[in-house]
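The structure appears right after this line, and notes come after that.
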Amino acid sequence: MFRPGATDADADAEATVTQVEPVLAFQWPSGRIVPGLERLTAQSLRLDGYLVAPKTDTFSFRAVARHVDVTIFIDDVLVFDTALGLSTAVPLLRGTAYLLRVEARSELAETHEASLEVLWSSPTLREARVPKYFLHDKATSIAFSPFAVDVA
């Protein structure tokens, strides 16, 4: 569960839309990241939430994106950037919640289809979309939960 916001790079004031998203996969047939903000020539999306590692391992993150530049941070450390061609693996501990931030930027010179999907992998985990089970909008303990979660 992530909370995205979108902004107009050309507007004097920042326009923001907030909602909760259950997965890190999006398709925008018109290229407009935020419906209803058609007047914008450039849009950006920022997804903030928490990721809980399913096991202790070194994870790599990657975005499959079309017509958007994507940046991924784990605990405010840059781990992936399409514009820079950067991809860095990061060690994660099982049951620990890490702050995950995904930023996407789109220039809308003309209408075009855009998409974004965040993938992860490790030496023992085949590359796949990050399952929603490991995504959370908060890093708080749940009363009486049988699963222990630590916040990094």
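Please find the FRET efficiency linking Phe134 to Ala83, where r is the Cβ-Cβ separation and R0 is fixed at 25 Å, and quote it to the nearest 0.05.
The formula returns an efficiency of 0.40 here.
Provide the gained length on full extension for the span Arg66 to Arg126, in nm with one decimal, where the gain is 0.36 nm per separating residue minus the Cα-Cα distance.
Answer, rounded to one decimal: 19.4 nm.
Under the Karplus relation 6.51 cos²θ - 1.76 cosθ + 1.60, θ = phi - 60°, what is the ordered set of whole-Hz ³J(HN,Hα) values for region 50-58, x standing for Gly and Pro?
Karplus-based 3J(HN,Hα) across region 50-58 equals 10, 10, 10, 6, x, 7, 6, 5, 9 Hz.
Could you run the Karplus curve 6.51 cos²θ - 1.76 cosθ + 1.60 with θ = phi - 60° over region 93-102 and give me ³J(HN,Hα) per residue in whole Hz, x for Gly and Pro?
9, 4, x, 9, 8, 10, 5, 10, 10, 10
Which of the trypsin sites (Lys or Arg not before Pro) across region 50-110 are loop residues per DSSP, with 13 or fewer other Cβ within 10 Å?
Answer by residue number: Lys55, Arg94.
Can you give the charge dipole size of region 65-129 about its Cα centre, rounded to the nearest 20 debye, using +1 on the beta carbon of Lys and Arg and -1 on the beta carbon of Asp and Glu?
Rounded to the nearest 20 debye, it is 380 debye.
Laboratory data are not the source of any read-out in this text; all were calculated from the coordinates shown. Bear in mind the structure is a predicted one, so any value in this text is a computation, not a measurement. Every residue, glycine as well, gets a Cβ built from its backbone with ideal geometry; the counts of neighbours run over all protein chains shown.
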